[in-house]
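Have a look at the structure below before the remarks.
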Amino acid sequence: MKKEWLIVCLGMIYAGIVVAQDSEDPPSLSYSFFGMGQERPFYSESLSNFGGQSFKSEFESSGLIQNSGGYTQISSKWGFEIITSSTLLPEETEETWEFTGFGVVQTDNTTLSQNTLTVNGVHFPFSDGQKLVFGIRYQNIAFSRFNFDSTDNTDALNDALLAPGNDPEYDRLLAIVEAYVADTNNDPENGIPDPDNANAILVDDQGRLITSVAELKAAKGLDPSTQQGVIFEDASTIAVMAGYAYDSYFDHADEGWRWRAGAHIGLPLYLSVLNTNNNLTLTETFPSGYDITLYGGGGYQFSKEIGLLLLVEYIYSERGKLQKENVFLPDNEFSSVNTLLQVYWAF
């Protein structure tokens, strides 16, 4: 990955040298644009070993999205573009958590917002609208989870997760609770001490006393209905991008039909994830994964100064598991199909 990043940097330096040498034509094809439309995001997390079990969560939503930016021409062969997009009105939807062999064991409501900033250098090797792009893309995916609930399958999963030998810490605490409750001289209602932890009284995550085996199981097993409030998660990525595209505007900018299409691929350089259910931020340089962006559309160029396009964009991002101490982000996939109506102007 470090070699790839060095190659990208050298390529950008080379591009700057070429731009400086290729300045015979004044800027004439610069433009700006603004678009709005509908997004259809999909998000999924998966883990092959969660207490010896595997799971996958997923949800699909929709929302209102804006897309804006512009292209600045430096010479006849070179320029740069800056493009932003952001969710304006996300839709609330249901997320399901399915464990292999058990079915759906947890549900919650969620909303998702996406924000991106792309800065690309653009090179036109020919004079017919074909272009090569390379640059940096910032992506932020933020979502909230709330209204957690169990299903009829939750108890069966907990029996498997807490089976003898699967969770050594649970086995240790279970032996303490069973022994303490079995001794008629003890009063569990006043709390059960942990002799391996300076006789600290056993409590659950909410600070409530654990006074029985049933309460221990509820405290250590999966119990979505006890999750209070809203959990927010924010994942930010910086990735290097490169690709190929075509825009008929750079072949004939005057009145007529206009067509655009492109394909970009990216590799993440940096990833940062914050989840309000944890007390630390997960970060990683050169994380595993990749990005793909595909787009295509057409419209009409009323004149060199004004145009209107309908564009369909597909975004896909994949990230590998990220872990620090006992906090982790599972393998995850994000994709979004965005349908946008864009207005272009060049004044």
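Any read-out appearing in this document is the output of simple, stated calculations on the displayed coordinates, not a laboratory observation. The structure displayed is predicted, hence computed values, not measured ones. Every residue, glycine among them, receives a Cβ derived from its backbone with ideal geometry; neighbour counts consider all protein chains shown.
Going by neighbour counts of Cβ atoms within 10 Å, the residues T154, T281 line up, fewest first, as T281, T154. Cα centroid separation, the stretch 164-204 to the stretch 103-125: 45 Å. Comparing N153, N67, N166 in a Gaussian network model of the chain where C-alpha atoms under 10 Å apart are linked, the largest mean-square fluctuation is found at N166.
Note on the chain: dipole from Cβ charges, positive end direction compared against V240, Q73, L308; the farthest Cα belongs to Q73. Among the GluC sites (Glu not before Pro) within the stretch 309-347, those in coil by DSSP and having at most 11 neighbouring Cβ atoms inside 10 Å are E325. Straight Cα distances below 17 angstrom link K304 to the aspartates and glutamates D128, D247, D251, D254, E255, with same-chain residues fewer than 8 positions distant left out. Each peptide among 261-270, 100-109 gets the average number of other Cβ atoms lying within 10 Å of its residues, and from highest to lowest they stand as 261-270, 100-109.
When each of R208, R145 is scored by the number of other beta-carbon atoms lying within 10 Å, the sequence from fewest to most is R208, R145.
Compared with the dominant principal axis of the Cα atoms in the chain, helix 168-182 is inclined by about 30°.
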